[in-house]
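Beneath this line is the structure, given in structure tokens, with notes to follow.
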Amino acid sequence: MRKLWEKIRWIMRGFKRTLLFLSQFWDDRYYTEVDMDRWRSLGAKIGKDVQIQHLKVDERFARLLEIDDEANIAEGTNIVLHDSSLNNLFGEDCPVKFGKVKIGKATYIGRNAIILCGVNIGKYALIGAGALVVTDVPDYGVAMGVPAKVVGDTRELKERQKQQIEEQESSPYRFLRIKRWHERHKIMTNDEVEEVYQAFFKDVGW
Ligand SMILES: CC(C)(COP(=O)(O)OP(=O)(O)OC[C@H]1O[C@@H](n2cnc3c(N)ncnc32)[C@H](O)[C@@H]1OP(=O)(O)O)[C@@H](O)C(=O)NCCC(=O)NCCS
């Protein structure tokens, strides 16, 4: 009886995944959910309104991964849930190491970050692009570099950005106001991208 139920669930899951895959051709909101469905089916705990783009995780240990609501994981992030390096060198004298990775609510992981096992990243934190995260990051922490160091607080960064926006006329940057991912569930529209281009071509001039 249990086997039959598992088979039905397997078919339903396959059906859902096919629908999600096809839906990306008429609605781009789902492109991220195909990945998410996969990590969930492997046992990772993934909250609501999370955005994931092509995450790399050691699949067989996915149950050690926990991502809280509204977190954003940018393209190319690599989460390492175990370390068999010494075991591969010296065998059973050196057992394989495992550790959970937890990513807190609304935290942002920049492109191509690597997060090693045992790391706990708090809520509303920011991990810089290309960071190698080997130690915990507190709530609202800004961590970057290789190995990543906590260098600030996201609330301070927010204040600093206000200044950058005010001074944008004399800077190489332009800013576009859009809602957070969990409110929009869509990647930037073509019109929004065009708005950014216009600002550049008109003001910055290339
Ligand atoms: C971490 C981050 C938010 C910092 O932004 P910021 O404070 O505006 O950064 P600044 O350009 O003012 O640089 C501040 C300092 O941090 C350093 N720095 C910036 N980003 C860094 C990064 N990813 N790794 C290491 N150092 C970094 C700069 O070299 C500079 O150092 P200095 O003070 O010694 O000169 C940003 O650089 C980043 O990595 N964002 C994620 C981008 C991303 O992955 N987007 C995905 C697509 S949405």
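The values are calculated or read from the model by the stated rules, or taken from the named source; none is laboratory data. What you are looking at is a predicted structure, and each value in this text was computed from that prediction instead of being measured. All Cβ positions, even for glycine, are placed from backbone atoms using ideal geometry, and neighbour counts span all protein chains on display.
Taking only segment 130-156 into account, find how many residues are in contact with a strand residue (DSSP E or B) (Cβ under 6 Å, 6 or more places away or on another chain) and part of a helix (DSSP H, G or I).
Number of matching residues: 1.
Could you please give the count of residues in segment 163-190 that are among the acidic types (D, E) and within 13 Å of the ligand (Cβ to nearest atom)? Quick ask: steps written out before the conclusion?
Within segment 163-190, the first condition is being among the acidic types (D, E), and the residues that meet it are 166-167, 169, 183.
Next, from what is left, pick out any that are within 13 Å of the ligand (Cβ to nearest atom): 167.
The qualifying residues number 1.
I'd like the residue in segment 83-121 that is within 16 Å of the ligand (Cβ to nearest atom) and assigned to a strand (DSSP E or B) and, out of all such residues, is surrounded by the most Cβ atoms within 10 Å (Cβ to Cβ). Reasoning before the result, please.
Looking only at segment 83-121, we keep the residues that are within 16 Å of the ligand (Cβ to nearest atom), and these are 103, 106-115, 121.
Now restrict to residues that are assigned to a strand (DSSP E or B): 103, 108-109, 114-115, 121.
Working: I103: 29, Y108: 21, I109: 26, I114: 19, I115: 26, I121: 27.
Across segment 83-121, the extreme among qualifying residues is I103.
Do you know which of the residues in segment 159-199 that are surrounded by 12 or more Cβ atoms within 10 Å (Cβ to Cβ), without any contact (Cβ under 8 Å) to a residue 60 or more places away in the chain and among the basic types (K, R) is farthest from E70 (Cα to Cα)?
Checked segment 159-199; the qualifying residue farthest from E70 (Cα to Cα) is R174.
Give the residues of segment 34-52 that are touching a residue at least 24 places away in the same chain (Cβ under 8 Å) and either assigned to a loop (DSSP other than H, G, I, E, B) or among the basic types (K, R) (or both), sorted by residue number.
Matches in segment 34-52: G47, K48, D49.
Those residues that are closer than 22 Å to Y173 by Cα, more than 8 Å from the ligand (Cβ to nearest atom) and in contact with a Leu (Cβ under 8 Å, 6 or more places away or on another chain), I need them from segment 135-162; list them, please.
Passing the criteria: only T154.
Being within 12 Å of the ligand (Cβ to nearest atom) and over 21 Å from H185 (Cβ atoms) narrows it down to one of A62, A131, A74, so name that one. Before you say what the answer is, go through the steps one by one.
Numbers: A62 fails: within 12 Å of the ligand (Cβ to nearest atom); A74 fails: over 21 Å from H185 (Cβ atoms).
None of the others qualify; the one that does is A131.
Any residue in segment 46-62 that is at pLDDT 95 or above, surrounded by 18 or more Cβ atoms within 10 Å (Cβ to Cβ) and in contact with a His (Cβ under 6 Å, 6 or more places away or on another chain)?
There is at least one residue in segment 46-62 that is at pLDDT 95 or above, surrounded by 18 or more Cβ atoms within 10 Å (Cβ to Cβ) and in contact with a His (Cβ under 6 Å, 6 or more places away or on another chain).
Answer yes or no as to whether A125 is crowded, with 19+ Cβ neighbours inside 10 Å, within 15 Å of the ligand (Cβ to nearest atom) and more than 11 Å from the chain's Cα centre (by Cα). Before you say what the answer is, go through the steps one by one.
Numbers: crowded, with 19+ Cβ neighbours inside 10 Å: yes; within 15 Å of the ligand (Cβ to nearest atom): yes; more than 11 Å from the chain's Cα centre (by Cα): yes.
Here the answer is yes, as A125 does meet what is asked.
Take L65 and tell me if it is within 21 Å of A131 (Cβ to Cβ), modelled with pLDDT under 95, surrounded by 19 or more Cβ atoms within 10 Å (Cβ to Cβ) and not hydroxyl-bearing (S, T, Y).
Working: within 21 Å of A131 (Cβ to Cβ): yes; modelled with pLDDT under 95: no; surrounded by 19 or more Cβ atoms within 10 Å (Cβ to Cβ): yes; not hydroxyl-bearing (S, T, Y): yes.
Considered against the rule, which asks whether it is within 21 Å of A131 (Cβ to Cβ), modelled with pLDDT under 95, surrounded by 19 or more Cβ atoms within 10 Å (Cβ to Cβ) and not hydroxyl-bearing (S, T, Y), L65 comes out as no.
Here is a list of conditions, (1) away from the ligand (no atom under 14 Å from the Cβ); (2) within 23 Å of the chain's Cα centre (by Cα); (3) of a type outside the set (D, E, K, R), and Q198 meets all of them except one; can you say which number that is?
Of the numbered conditions (1) away from the ligand (no atom under 14 Å from the Cβ); (2) within 23 Å of the chain's Cα centre (by Cα); (3) of a type outside the set (D, E, K, R), the odd one out for Q198 is (2).
If E66 passes every condition in (1) in contact (Cβ under 8 Å) with a residue 60 or more places away in the chain; (2) under 15 Å from K102 (Cβ atoms) but one, which one does it miss?
(1)
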